[in-house]
1. Going through region 1-78, which trypsin sites (Lys or Arg not before Pro) have at most 16 other Cβ atoms within 10 Å and a DSSP loop state?
2. What does the charge count around residue 28 come to, taking other residues whose C-beta lies under 14 Å from its C-beta (Lys +1, Arg +1, Asp -1, Glu -1)?
3. Under the classification rounded if a/c is under 1.5, otherwise prolate if a/b is larger than b/c and oblate if not, where does the chain fall, given a ≥ b ≥ c as square roots of the Cα gyration tensor eigenvalues?
4. Sort region 72-168 into rounded, prolate or oblate with this rule: let a ≥ b ≥ c be the square roots of the eigenvalues of the Cα gyration tensor; rounded if a/c is under 1.5, and if a/c is not under 1.5, prolate when a/b is larger than b/c, oblate otherwise.
5. Just to be sure I understand the rule: take each whole DSSP H helix in the chain, project its Cα atoms onto its long axis, keep it if the span is 27 Å or more and its mean Kyte-Doolittle hydropathy is at least -1.0. Which ones pass?
6. Defining a contact as two alpha carbons under 8 Å apart and six or more residues distant in sequence, what relative contact order in percent does the chain show?
Amino acid sequence: MTDQTTPDLRSIPFQTAEGTTSTLAEYGEDTVLLVVNVASKCGLTPQYEQLEQLQKTYAERGFSVVGFPCNQFMGQEPGSMEEILDYCATTWGVSFPVNDKVKVNGPGSAPLYRALKKAHDEEGKKGPVLWNFEKFVLTPSGDVHRFRPKTTPDDPEIVAVIERNLPR
């Protein structure tokens, strides 16, 4: 399901893995983004492979995966940022940006995720992130396409949204 977001979604600040403040706008206004909360010790962790494949396939055409580690679901991301980045690079060859850990639900949830959770999924439901590896595809026009954790990154629906909205 598609939701139109407010124009300022890409201007919501977040912390990078290096501790600096950034926004999704820094990826470029024409870039298609796949925002995903990731974890190293989750049954869905093998999705890193598909996320990286999307990054390699589409990065040169105006696309980026943007990862946010999350430890809210049964302690599935307990490590330090250094450990997380090392794991992503050495185990999965991750080249896409992995930012600082975030809370995606409840008090203290990251402002970006408070905004993203207003988007409806394919069943028309919005609200809390259900688990790690929930995906939000942001298009240059401001649409948000939400896919629940068990939908793999290479699902034809996700790929179609990405390809349909690539600027080049």
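Coordinate-derived values only; no laboratory data. Small disclaimer: the values here were computed from a predicted structure and weren't measured. Here the Cβ is made from the backbone with ideal geometry for all residues, glycine too, and neighbour counts use every protein chain on show.
1. 41
2. So the environment of residue 28 carries a net charge of -1.
3. rounded
4. Values: a/c = 1.84, a/b = 1.23, b/c = 1.49.
The shape class here is oblate.
5. Long hydrophobic helices here: none detected.
6. After rounding, I find 32 percent.
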